[in-house]
1. Compute the helix-to-body angle for 85-101: its Cα long axis versus the longest principal axis of the chain, expressed 0 to 90° and rounded to tens.
2. Using Cα positions and a limit of under 20 Å, work out the aspartates and glutamates in reach of Lys3, with same-chain residues fewer than 8 apart set aside.
3. Looking at Pro26, Asn50, Leu36, which one has the Cα that reaches farthest to the positive end of the dipole of the stretch 2-100 (charges on Cβ: Lys, Arg +1; Asp, Glu -1)?
4. Counting only heavy atoms of protein chains, what accessible area per residue, in Å², does the chain have with a probe of 1.4 Å?
5. To the nearest µm²/s, what D does Stokes-Einstein give for the stretch 52-102 at 10 °C and 1.306 mPa s, using the Kirkwood radius over alpha carbon pairs as Rh?
6. For the chain, what is the charge dipole size about the Cα centre, in debye to the nearest 20, if Lys and Arg each add +1 at the Cβ and Asp and Glu each add -1 at the Cβ?
7. Given a 1.4 Å probe and every protein chain left where it sits, what share in percent of the accessible area of the chain is carbon and sulfur?
8. Grab the beta carbon distance between Leu94 and Phe31, set R0 = 25 Å, and tell me the FRET efficiency rounded to 0.05.
Amino acid sequence: MNKKVYRCVSVIQLAENGDIEFEQKPTGITFLMFGLFALFFNKKRRVLCNKNDIKEITSSSKAMTGKLIGITTQNTMYILEMRNAEAQSEGLNLLKSIECVA
């Protein structure tokens, strides 16, 4: 199974065609560590997967691991490291509502 990790995810959205999109924004710490190169980490509206492909959704918000959301599809596990607790709770609420509908 492939694993893909996306850091500094700030927003998770559902597109009209059923694709799950997300936006990444670098934090101040990332900017301090990498300088102007951190701006290249900024990805907007990146497509994750389709809502029908989701097999399992997991989450973790421990001090050592951070605020994580795991989305498992047929052959890939996507790990989204959220920027803050608010973004994590909004993303989880959206994904859980999508999972109930699908």
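The values are calculated or read from the model by the stated rules, or taken from the named source; none is laboratory data. What you see is a predicted model, and the numbers here were worked out from it, not measured in a lab. Positions of Cβ are backbone-derived with ideal geometry, glycine not excepted, and every protein chain shown enters the neighbour counts. With ligands, DNA and RNA removed, areas are computed over all heavy atoms of the protein, side chains included. Shrake-Rupley method; radii C 1.70, N 1.55, O 1.52, S 1.80 Å.
1. The two axes meet at around 20 degrees.
2. Straight-line reach from Lys3, under 20 Å: Asp19, Glu21, Glu23, Asp53, Glu56, Glu81.
3. Leu36
4. I get 65 Å² per residue for this part.
5. Here the translational diffusion coefficient equals 141 µm²/s.
6. 340
7. 52
8. 0.40
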